[in-house]
Amino acid sequence: MFNPRRWRHFDFWLLGGVAVLVVFGIAMIRSAIAGNETLAGLPARQAQNAFVGLGVVLVAAVVDYHFWRALTRPMYIGLLAVLLILEIEGSATFGAARWLDLGFTQVQPSELAKVLLILILADDISRNEERIRTWGGVLRSLVLAAVPAFVIFRQPDLSTAILTMVLWAAIIFAAGIRPKHMATLAGSALLVPIVAFPFLEFYQKQRLVLFLAPEADPGARYNVDQALISIGSGGWFGQGYAHGSQVQLRFLKVRHTDFIFSALAAEFGWVGAFAVLLLLAFVIYRCLRAARMARDTFGALIGYGVATLIFYQAAFNIGMNLNLLPVAGLPLPFISYGGSSLWSALLGVGLVESVVIHRQELEF
């Protein structure tokens with residue numbers, strides 16, 4: 001049972017950092033829509049998503065994270081079932097069937113899959129701690145992660161499929177995989193792009209080709225070029241809130257989702273962008289702190305998994321805004337518009353809070 005006295009262990013610093021990012025994200029979405037009447041309702045909708053997300057954080061924190069251990073197998077089966085249904089019934093957006101229409105709203109199951117896989121992998125590996133140092137244990141966990149990753153890849157959603165495998169790699173590393181096993185897996189991973197490339201959709205191949213050879217089709221790089229112009233136009237201190245020229249004149253596309261970092265850099269400059277990076281780093285640090293404080297491997301792996309999730313998504317999103325990485329549909333955590341992505345990130349934060357407030361030794 002939950003003991004109310006454990007609330008004194010609640011990490012208010014973590015929740016505070018996340019809250020600042022979410023509120024700033026809502027403000028940036030309001031600026032980024034730049035008076036577009038079609039998108040006028042997005043800031044209010046994101047505020048509603050944030051309110052629901054706060055409830056998700058508190059409920060996930062109250063429930064002892066050990067409770068989920070008994071449900072990881074049904075979770076895994078249910079997750080695969082939903083992803084397979086999505087392949088049949090999912091509504092297509094920008095060429096990818098990733099959304100389920102529930103009538104009153106649309107949800108993106110692959111976003112929830114990220115956090116559920118952290119729970120599933122953390123449970124399986126913590127139950128077989130010694131086996132993770134053997135090839136049998138490593139391959140068992142690999143299959144566990146690779147099956148949903150393959151289904152997500154077929155949606156097609158390459159970026160989330162890659163993220164799924166990154167989460168797996170981070171968790172087995174934290175669990176103590178042998179260096180020789182990790183080196184072998186890292187070497188094998190270099191072959192994956194070569195094998196997978198023929199199976200990519202045309203637009204995915206085009207993104208990779210344009211990243212490696214931008215001169216092949218300069219016109220197709222419009223979004224990336226506008227992102228770089230937006231970031232450069234911000235200078236040190238930015239052009240001011242709701243005054244970014246590339247944003248307000250709508251030259252920058254998908255500026256409230258994929259390229260919101262470019263929008264905030266234009267309006268708040270490098271100083272503002274760096275402040276956002278510091279806040280994200282602070283949130284990641286608090287997740288890693290929770291992992292170190294955890295009294296068992298299951299809790300520690302949850303903390304490491306959520307920290308990896310936030311770090312990878314933030315790094316990749318910012319990297320593609322700076323043209324350091326190919327364009328992919330990974331949101332900037334807590335800031336980009338999207339209910340599914342926000343709820344997923346807040347669920348992860350709630351699980352980390354549960355690890356913190358239930359960190360006393362288990363009683364039997």
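Read the figures in this text as sums done on the coordinates, not as results from a lab. Owing to the predicted nature of the structure, the values given are computational and were not obtained by experimental measurement. Methodologically, a virtual Cβ is constructed for each residue, glycine included, from the backbone with ideal geometry; neighbour enumeration extends over all protein chains shown.
Observations, loosely collected:
- About its Cα centre, segment 4-357 has a charge dipole of approximately 820 debye under the convention of +1 per Lys or Arg Cβ and -1 per Asp or Glu Cβ, with nothing else charged.
- For segment 192-321, the C-alpha radius of gyration sits at 1.31 times the compact-globule guess of 2.2 N^0.38 Å, with N the residue count.
- A straight Cα-to-Cα reach below 28 Å connects LYS253 with the lysines LYS114, LYS205, residues fewer than 8 places away in its own chain not being considered.
- Rounded to 10°, Cα long-axis angle of helix 72-89 versus longest principal axis of the chain: 30
- For the chain, the longest principal axis of the alpha carbon atoms and the long axis of helix 42-62 meet at an angle near 10°.
- Crossing angle, helix 260-293 versus the chain [Cα axis fit, 0-90 degrees, rounded to tens]: 0
- Taking the number of Cβ atoms within 10 Å of each Cβ as an exposure proxy, the fewest-first ranking of LEU280, LEU142 is LEU142, LEU280.
- 3J(HN,Hα) couplings calculated from phi for segment 198-204 with the Karplus curve 6.51 cos²θ - 1.76 cosθ + 1.60 (θ = phi - 60°) are, in sequence order, x, 8, 6, 5, 4, 5, 5 Hz; Gly and Pro show x.
- Amide H partners (placed H, <5 Å) of HIS358, local residues excluded: none
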